[in-house]
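Worksheet: the structure to be examined is printed underneath.
Coordinate-derived values only; no laboratory data. On a predicted model such as this, the values are computed, not experimentally measured, just so you know. Using ideal geometry, Cβ is built from the backbone for each residue, glycine included, and neighbour counts are taken over all protein chains shown.
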Amino acid sequence: MKKISTILLMLLPLIAFSQNNFKAIDSVLSVYDQGIVPGVSVSIAKNGKVIYSRNVGYADIEASKKIDDKTLFCMASVSKQITAACIVLLEQQGKLSLEDKLSKYFPDFPEYANTVSIVHLLNHTSGIKDYLALSMLRGHNHKDYTNEMLEEMLKVQELDFEPGSTFSYSNSGYWFLVRIIEKVSGKSIIDFAQDNIFRPLKMKNTQYSYDPYSVKHMSRGYVETDEGYEVEPQKKHLISGGGVISSVQDMQKWLFEMYSQKVLGAEFWNRMLNEEFYDFGNNNFCTKGLFIGDYYGTKRIQHGGDVKGFHTVIECFPEQGVTVAMFSNNDNVNVYEFNKPALSSLLNLKYKTEVKNDVVQTEEQPIFDPANETDLKQYEGDYGSELGLFFNVSVKDSVLYFVQKWDGGSYPVVQIGANKFKIAGDPIFFEFTDINNGTANLLKINQEGEEYVFKKGFQLPDFGDYLGKYYSKVLDVNYEFVLEGELLAFKPQGADEVKIVTVKENDKADTFWGGMSFVRDDKGNITGFSLSHERARNIEFVKVPATE
């Protein structure tokens, strides 16, 4: 009994700490501990000792296997710091320099390889287009790419900006780094990381993998559909900005090493964290696969990872000795939302759990007396926007009605202020403005914080000039522009789904994939356009002449 009592005395402080300090995160995580859903794994440590750990939800729904301490997750872009660490270790071994130019390792690449250094690749300042963006713009699945396919695609691209001049997140840069590691070390990235990082740090359950689901204890990444949760494939042909699989326990070992610097050493970590960084301003930096900045007045070193089916984040708060790992195999989960409840006690953050109240609230009464039909008639008319959405507003029996012309939906609204209305029971608000001579000319609709503006009598432009096929040499793909109802849309070669284009003034346009700028010749005919995604800029398309 004496031994048991001693053990209990040792455990009680830890139990009490958990119960008294982690109620907020427990409350948030409990949502994923109900029903059969993919879940979350959380670990918080202080000075290398885990002080909070909880697993909720299922690692493998089909096998009825819940998440536990051995469960592995795809790290996605959290992997970048491991790739960066391999590069720094190779530099310490005298096998490369961070100032080496890309052309040293890829001599058959275009001239831009002479201007890009390894440190540019590490810090996302190379100007090289992100291959994930390029593959999307080509209508391809990047998981199907081989190293040879990716190399050929990157060879024909131009830089988005002068290396070192600005920041643009690029998975292409980390593809180059993985290839450099393998060329210089003579080993695969899998073996080099195992020998130089995972084994020395006793991260026994961590590895790079091309086929995560083949590994024991691996969770499945799930995407919710109308039919339920579906497994998202993760097998791919190349390792670039991701590739590592791990558990929260293993990543805590990496984070503790970041804090203690006992195994890899202070010189290594100084190179990783304090040298050769990109400065965003306001004490926020990017350096070698890590972001360093301020979190509610506290220094934080972190990186997250997102791939369909998995979301991860690891964090180190060096001044407090606090390290955090949060992983999820549920595509609906935003792991960053757990930060504040998880760290509220440790970092003295105020956090209040939102409690849903089932009490039915009475509908607010109109501020004004019921308006008469004459007053309401100033709002009548057709309103439209460049999004291709149109409303008809009319008065019937002294009530203002909205009709959605795209689907025929109709509903009355109640007046809540001067020229302001809302749908009874819904947080959707309408405001009429620019009222001249008893006629409203603008309608603003606010829904969930987003505001949309509609003009009375708005007419969509004639999109005839834009129709046809356009070809991009650097993407080797055609886009065909068509009319989708009354809207302009384009369809990438081989794709079934069309992408809506919102045309603005001066032949500028917005799409989900980025901005477009159309070009005309001296006769006013459209000859092509330039497409700029935030990670792949100024991609030229030329209009293909119509055939008879």
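Structural remarks
- Relative to the compact-globule estimate of 2.2 N^0.38 Å, the Cα radius of gyration of region 373-456 comes out at 1.00.
- Prolate/oblate/rounded call for region 26-94, Cα gyration tensor, a/c under 1.5 rounded: prolate
- Hydrodynamic analysis of the chain uses the Kirkwood radius over alpha carbon pairs. Inserted into Stokes-Einstein at 20 °C and 1.002 mPa s, it gives a translational diffusion coefficient of 79 µm²/s.
- Overall Cα dimensions of region 201-305 - principal axes, largest extent first, Å: 46, 33, 26
- Three-way shape call for region 122-260 based on the alpha-carbon gyration tensor, with the a/c threshold at 1.5: oblate
- Remark: relative contact order (the chain) = 13 percent; criterion is Cα-Cα distance under 8 angstrom and separation of 6 or more residues.
- Cβ-placed point charges (K, R +1; D, E -1), dipole of region 43-102 about Cα centre in debye, nearest 20: 260 debye
- Region 74-158 shape via C-alpha gyration tensor axes, a/c threshold 1.5: oblate
- Annotation: for a label point projected 7 angstrom from Cα along Cα→Cβ of VAL223, residues of region 115-156 with backbone N closer than 17 Å are 132-133, 135-145.
- Of LYS101/LYS216; LYS23/LYS80; LYS66/LYS340; LYS288/LYS491; LYS422/LYS491, pairs whose Cα-Cα distance is over 29 Å: LYS101/LYS216; LYS23/LYS80; LYS288/LYS491; LYS422/LYS491
- Of the trypsin sites (Lys or Arg not before Pro) found in region 251-321, the ones in coil according to DSSP and having at most 12 other Cβ atoms within 10 Å of their Cβ are LYS262.
- Sparse packing (at most 11 other Cβ atoms within 10 Å of the Cβ) combined with a DSSP loop state is found for the following GluC sites (Glu not before Pro) in region 402-503: GLU448, GLU497.
- Karplus-derived 3J(HN,Hα), 6.51/-1.76/1.60, for each residue of region 217-230, Hz, glycine and proline x: 6, 6, 7, 9, x, 10, 10, 7, 10, 5, 8, x, 8, 10
- In order along region 108-125, phi translates into HN-Hα couplings of 8, 7, x, 3, 4, 5, 7, 9, 9, 9, 4, 5, 5, 5, 4, 9, 6, 10 Hz, rounded to whole numbers, per the Karplus curve 6.51 cos²θ - 1.76 cosθ + 1.60 with θ = phi - 60° and x for Gly and Pro.
- Amide H contacts of LEU400: VAL413, each under 5 Å away and 5 or more positions distant or on a separate chain (H built 1.01 Å from N in the peptide plane; Pro and chain starts excluded).
- Considering only alpha-carbon pairs that sit under 8 angstrom and 6 or more positions apart, the relative contact order computed for region 155-279 is 25 percent.
- Spin-label pair THR433-SER530: with each label point 7 Å from Cα along the Cα-Cβ axis, the two points sit 3.2 nm from one another.
- Long pairs among LYS456/LYS508; LYS235/LYS262; LYS70/LYS350, criterion Cα-Cα beyond 27 Å: LYS235/LYS262; LYS70/LYS350
- Projecting the Cα atoms of ASN282, PRO107, HIS217 onto the charge dipole of the chain (Cβ charges, centred on the Cα centre) puts HIS217 farthest toward the positive pole.
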